[in-house]
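**Q** What follows is a structure written as structure tokens; I'll ask about it next.
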Amino acid sequence: MKPLILSVAAAAVLAAAPVSAQTQLTLRQCIEMAYSQSNNIRRGELSVEQSKNELSTARYQRLPSVSAYVGQNFDFGRGLTVNNTYENKNTRNTSFSVSANMTLFSGFRITRNMEMQKLNLEAATADLEAAKDNLGINVASAYLQVLCAKEMAEAAHEQVGLSSEQLRLKVALRDNGKASDADVAQARSIVAQDEMNAVTADNDYNLALLDLSQLLEMETPEGLIVSAPAESEAASVLAGPEQVYQEALAGKASIKAAQAKVQSAEKQVDVAKSEYWPTLSLSAGISTGYFAVAGQDGDSFADQLDQNLDKSISLGLSIPIFNRFSTRNGVRSAKMNCTSTQIDLDNERKTLYKEVQQAYYNAVAAEAAYASSSSAAESADEAYKLAEAKYAQGLASATDFAEARTNRSSAISNNIKYKYEMVFRTKILDFYRGVDIE
């Protein structure tokens, strides 16, 4: 699955630009803004950097370690002199040394540890992409909910306009003696009800904006405007669940992370087994010193440094014989951890299969519901127009007109809801197939 790539430049522009500028944001821009502001994403990025640092540390284990030492010692009272005799003299001794140590062989522990850290980096990177995927899904859901609430609010206000026009006509008919005060009162009641519905729809829209703004880590939803996707983006050809699952299995970030963790755990077993092997190391050093006794003349500082110069080089082989079963138990723990990660991977695959099946059937149902609701909305709109014409001419009762109006409003609301449900479900299905959310 192609990762949801964060465009750093675009995120910087979005973060710097004030939302109060009334700029319409696309779904991709909202997702990128959420990436740049999310603490969970930042934590994931830190985990990746930490894994890179641990990999660097593992690589540098091949290099020798070098250290220097400078010491100054003062003795008071009986002590060793330059003649290798003891006298009651104050002495001082200055020493210098440089040493280096390099591991030549450690049972392949360094190589295996480096391979394990590479896999840990892959897992951390995949975990970051999985966190971005989850955040992108949440933003897409909130984004489409905003569009849905906006359309419902527009439909509610349109209904207020239609009802207000009917009230105006009823007042005119009453003034001409063709309608009663009861008819006018009924028309005013319908307008009031529609105005209340519009207020509720406006509040739902504001709440949807608030939910989206909180995902984007905005201080306030004021000035936040989103743009609707093109009609061509509203739906896609649905692939079968088995095809979608195979595509998701090959590319979903959470699966990649689980697979990398299994491979890392297997390498951890090899690292633990390396403790059974002997360790061969190479050491080298050079040292010198200066010795002086109070009240006695000796060689100069430079002469002593030259005369006391000592060089050494050595090979050491450390053979493990018994370490209180520490290595054995370490290998056992590593194997148990490996089994645990394999179980996690199996659970991840099963969960993915269930999610894909649910996403597929939800998408199929959403498409069918949208098609049915579209037909229902058209029929309800035609019925409303007929009832409206009859009501205006006094050929239909207020009750019949109110029922037609209610049916139309409900059908339009359902059509809007199912349209965005279909858009969201098809986008979810495409997401499992590896298509970026746009």
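**Q** Tell me whether the stretch 113-132 contains one or more residues that are at pLDDT 90 or above, touching a Gly at 6+ places or on another chain (Cβ under 7 Å) and open to solvent by 50 Å² or more (accessible area, probe 1.4 Å).
**A** First pass over the stretch 113-132, keeping only residues at pLDDT 90 or above: 113-132.
From what is left, the residues that are touching a Gly at 6+ places or on another chain (Cβ under 7 Å) are 127-128, 131.
Next, only the ones that are open to solvent by 50 Å² or more (accessible area, probe 1.4 Å) stay: 127.
So far as the stretch 113-132 goes, yes, one or more of its residues are at pLDDT 90 or above, touching a Gly at 6+ places or on another chain (Cβ under 7 Å) and open to solvent by 50 Å² or more (accessible area, probe 1.4 Å).
**Q** Let me ask something else. Which residue, of N134, N206, is free of Cβ contacts under 8 Å to residues at least 12 places away in the same chain, farther than 30 Å from D400 by Cα and not aromatic (F, W, Y)?
**A** Details: N206 fails: free of Cβ contacts under 8 Å to residues at least 12 places away in the same chain.
The unique qualifying residue is N134.
**Q** Counting residues that are among the charged types (D, E, K, R) and modelled with pLDDT of 95 or more, which helices (runs of 4 or more DSSP H) fully inside the stretch 1-110 reach at least 1? Reasoning before the result, please.
**A** On the way: elements: 8-16, 27-37, 39-59.
Of the helices (runs of 4 or more DSSP H) lying wholly inside the stretch 1-110, those with at least 1 residues that are among the charged types (D, E, K, R) and modelled with pLDDT of 95 or more span 39-59.
**Q** Being more than 25 Å from Y420 (Cα to Cα) and of a type in the set (S, T, Y) is the filter here; which residues of the stretch 142-170 pass it?
**A** S163, S164
**Q** Inspect all residues belonging to the stretch 277-295 and state whether any of them is part of a helix (DSSP H, G or I) and open to solvent by 70 Å² or more (accessible area, probe 1.4 Å). Outline the logic, then answer.
**A** As a first pass, look at the stretch 277-295 and keep what is part of a helix (DSSP H, G or I): none.
No; the residues of the stretch 277-295 include none that is part of a helix (DSSP H, G or I) and open to solvent by 70 Å² or more (accessible area, probe 1.4 Å).
**Q** Another question, if that's okay. Residues being over 20 Å from Y143 (Cα atoms) and either among the charged types (D, E, K, R) or buried (at least 18 other Cβ atoms within 10 Å of the Cβ) (or both): count how many of those fall in the stretch 29-46.
**A** Here the count works out to 4.
**Q** Any idea which of D310, D270, D303, D344 is surrounded by 11 or more Cβ atoms within 10 Å (Cβ to Cβ), more than 16 Å from M116 (Cβ to Cβ), acidic (D, E) and in contact (Cβ under 8 Å) with a residue 12 or more places away in the chain? Before the answer, list the steps.
**A** Values: D310 fails: surrounded by 11 or more Cβ atoms within 10 Å (Cβ to Cβ); D270 fails: more than 16 Å from M116 (Cβ to Cβ); D303 fails: in contact (Cβ under 8 Å) with a residue 12 or more places away in the chain.
Result of the check over D310, D270, D303, D344: D344.
**Q** Return the residue satisfying two criteria in turn: it lies in the stretch 414-429 and is touching a Ser or Thr at 6+ places or on another chain (Cβ under 7 Å) and open to solvent by 30 Å² or more (accessible area, probe 1.4 Å), and of such residues it is nearest to Y361 (Cα to Cα). Break it down into steps so the answer makes sense when it comes.
**A** Just the residues of the stretch 414-429 that are touching a Ser or Thr at 6+ places or on another chain (Cβ under 7 Å), to begin with: 414-415, 418, 424, 426.
With the extra rule that they be open to solvent by 30 Å² or more (accessible area, probe 1.4 Å), the set shrinks to 414-415, 418, 424.
Details: N414: 19, N415: 19, Y418: 14, F424: 13 Å.
Selected residue: F424.
**Q** Six or more apart or on different chains, Cβ atoms under 6 Å: show the pairs whose first residue is in the stretch 418-429 and over 11 Å from C148 (Cα atoms) and whose second is among the hydrophobic types (A, V, I, L, M, F, W, C) and open to solvent by 20 Å² or more (accessible area, probe 1.4 Å).
**A** T426/A235
The values are calculated or read from the model by the stated rules, or taken from the named source; none is laboratory data. Remember, it's a predicted structure, so these values are computed and weren't measured experimentally. Positions of Cβ are generated from backbone atoms using ideal geometry, with glycine treated the same way; all protein chains shown enter the neighbour counts. We work out accessible area using only protein heavy atoms, side chains counted, and drop any ligands, DNA or RNA first. Shrake-Rupley method; radii C 1.70, N 1.55, O 1.52, S 1.80 Å.
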